[in-house]
Amino acid sequence: MNVSIVIPVYNEASQLDACLSAIAKQSIKPLEVIVVDNNSTDNSLAVARCYDFVKILNEPLQGVIHARTTGFDAARGDIIARIDADSVLPIDWVQSVNEVFQDDEVQATSGLANYYGLAGADFVNAIDLFFRRRLERQMAGAVYLWGANMAIRKSAWMLIRPSLCIKGDLHEDFDIAIHLQRNGGLVTFDERLVASVSSRRIDVNYLDFMKYVMVSPKTYAMHGIKSRWHMYSVVMLCAVAYAPGRILHRGYDAQQNSFSLRQLFTAKPAIPRVDPTANVA
């Protein structure tokens with residue numbers, strides 16, 4: 001099966017090179033790699049142009065929802081893979097996507113996260129995996145998709161595209177999963193798909209972080225799905241883990257691959273991820 005990789009991009013110059021470099025090393029090459037620039041004001045486009053296999057599209061309407069749709073509509077592959085600009089894929093990721101979709105019943109899937117850019121990453125990743133497995137069991141029939149590491153059949157995308165919600169203040173990847181499952185499509189969580197993602201998501205103030213976290217159950221509430229209540233254990237974990245998580249991120253010494261008090265108290269610019277649920281026109 002041919003795989004198209006779509007990457008929505010908004011001011012991601014500091015992350016995009018590592019993302020595209022990992023794609024260049026894939027054991028099975030994707031059919032195409034589509035970077036959808038969503039009004040970037042930094043050097044994101046210059047980074048993308050350094051890779052001759054990248055097709056660049058522009059989406060002037062602000063928001064990851066719109067950039068995603070532009071990329072998905074343009075994709076020519078049997079499978080549309082979607083990652084974020086800070087996703088760093090292992091060499092066999094495209095191969096794993098192909099293996100997952102050998103099951104004809106699977107219409108969409110997403111996998112697990114390996115966070116980088118913080119101390120104690122192995123411990124954090126283990127906790128993250130525990131809760132992803134738990135939610136998969138508890139939310140059977142309403143499994144979510146995670147936009148940093150997901151794939152969907154092109155035919156499934158075309159089926160649900162007209163019914164998708166086009167607004168901010170929701171997780172557009174969750175919305176895809178909800179509408180696809182309402183149309184009888186099988187959405188899975190598959191641990192064969194692994195993506196490394198930046199821990200920068202926590203490098204924002206507490207209120208903004210929790211506002212973003214709360215969008216998960218809110219998205220399900222908007223669709224009247226009662227199993228959203230299982231998500232509140234994750235909300236509570238995020239509320240408690242914010243402070244130590246941010247310390248582990250801010251105190252991480254990349255050169256030593258370890259936590260450093262000196263690094264923690266050294267002023268450095270925050271490079272947070274723009275909230276994709278709020279940055280929507």
Taking the alpha-carbon centre of each part, the distance from the stretch 208-281 to the stretch 158-200 in Å is 19 Å
Rank these for me by crowding, 51, 115, going from fewest to most other beta carbons within 10 Å. 51, 115
Under a cut-off of 18 Å between alpha-carbon atoms, report the lysines in cross-link reach of residue 167, not counting same-chain residues fewer than 8 places apart. 211, 218
Residue separation between residue 182 and residue 266 times 0.36 nm, minus their alpha-carbon distance, gives in nm 25.3 nm
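In Å, what Kirkwood hydrodynamic radius results for the stretch 6-125 from the alpha-carbon pair distances? Can you show the working numbers first?
On the way: mean 1/r = 0.0658 Å⁻¹.
Answer for the stretch 6-125: a Kirkwood hydrodynamic radius of 15.2 Å.
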Please list, by residue number, everything in the stretch 75-103 whose backbone N is under 15 Å from a paramagnetic label point 7 Å out along Cα→Cβ of residue 155. 77-80, 101-103
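Using DSSP, restrict attention to beta bridges with both residues in the stretch 3-198 and report what percent are antiparallel, rounded to the nearest 5. The partial results should precede the final answer.
Numbers: 9 of 33 bridges.
So the antiparallel bridges amount to about 25 percent of the total.
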Where a Cα-Cα gap under 19 Å defines reach, which lysines qualify for residue 154, not counting those fewer than 8 residues away within the same chain? 29, 55
Between residue 127 and residue 52, what is the FRET efficiency for a Förster distance of 41 Å, r being their Cβ-Cβ separation, to the nearest 0.05? 0.55
If each residue of separation counts as 0.36 nm, what is the full-extension length gain between residue 74 and residue 233 once their alpha-carbon separation is subtracted? 53.5 nm
Assuming 0.36 nm per residue, please report the length gained on full extension of the stretch residue 41 to residue 210 beyond their Cα-Cα distance. 58.1 nm
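At a 10 Å Cβ-Cβ cut-off, how would you order 129, 248, fewest neighbours first?
Going from least to most buried by this count: 129, 248.
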Förster radius 45 Å - calculated FRET efficiency between residue 167 and residue 91 (Cβ-Cβ, nearest 0.05): 0.75
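Read the figures in this text as sums done on the coordinates, not as results from a lab. Just so you know, these numbers come straight off a predicted model, no measurement behind them. With ideal geometry, Cβ positions are generated from the backbone for all residues, glycine too; neighbour counts draw on all protein chains shown.
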